[in-house]
Amino acid sequence: MASGPAFLFDLDGTLVDSVYQHVLAWREALESGGIKLSVWRIHRRIGMSGGLFINALLRETGGEVSPEQVNRIQRVHAEAYARLVSQVRPLPGARELLTHLTKVGVPWAIATSGRLESARPNIAMLDVPAGVPVVTRDQVEHAKPDPDLFLAAAERLGVQIGDSVVVGDSVWDLLAARRARALAVGLLSGGYGEEELERAGAYRVYQDPADLLRHVDEVGVR
């Protein structure tokens, strides 16, 4: 019998330290499409789905691109990220937190706005056991801040979304959790501030997975 709620984890910035590699890959991809943006503007949008992300950034620059250009920019991003992925590491405590949840019988899943090709090497470095649901952008109609990814992950686990805790590092994760009617926990390891995460719906904020593991009783795991 599980001793606590199910956990639905974001991936980039929550379990793996990959936000800045994604930022640089997106900058390269956007520049290939003639869109020049400071990296901080790109960082603020990490965690949204690629298509929404490009549209949101274009709103800031006043530019327009065709659906074909969006697809090309996403393809360049995937290629650029693949060159940088060897620099990515699990965040402190990520493997230990997942191992602990498995050991105490708490079901967990991963739900990422990334596509499977970008997520696969990160999943491998976390030693995710076979049978743990991993829901990627390719498997749902809408990515964050829509709730589809987390709803699909809860369904794959066979749990009610209202009995789940979403763990994420970006406001987009927490807005998606709020729309799914799940409890949300924020991590600072993606670069967002504590107040921003709380304002977006986090009822607890921790530094990184190691900090969450130290306080896991506060979020209902016995």
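The values are calculated or read from the model by the stated rules, or taken from the named source; none is laboratory data. Bear in mind the structure is a predicted one, so any value in this text is a computation, not a measurement. Note that we place each Cβ from the backbone using ideal geometry, even for glycine, and neighbour counts take in every protein chain shown.
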May I ask you to say which residue of V165, V135 is modelled with pLDDT of 95 or more, farther than 19 Å from L52 by Cα and among the hydrophobic types (A, V, I, L, M, F, W, C)? V165
Name every residue in region 83-108 that is among the charged types (D, E, K, R) and not in a helix (DSSP H, G or I), in order of residue number. R89
Scanning region 177-191 for residues that are closer than 15 Å to A153 by Cβ, among the hydrophobic types (A, V, I, L, M, F, W, C) and part of a helix (DSSP H, G or I), the one farthest from the chain's Cα centre (by Cα) turns out to be A180
Does G131 qualify as being closer than 20 Å to V219 by Cβ, out of contact with any helix residue (DSSP H, G or I) (no Cβ under 9 Å at 6 or more places or on another chain) and assigned to a loop (DSSP other than H, G, I, E, B)? no
Looking at the structure I just gave you, is V216 over 17 Å from the mean Cα position of the chain (by Cα) and of a type in the set (V, I, T)? yes
List the helices (runs of 4 or more DSSP H) inside region 1-82, counting only whole elements, that have at least 1 residues being surrounded by fewer than 17 Cβ atoms within 10 Å (Cβ to Cβ) and of a type in the set (F, W, Y). 39-43
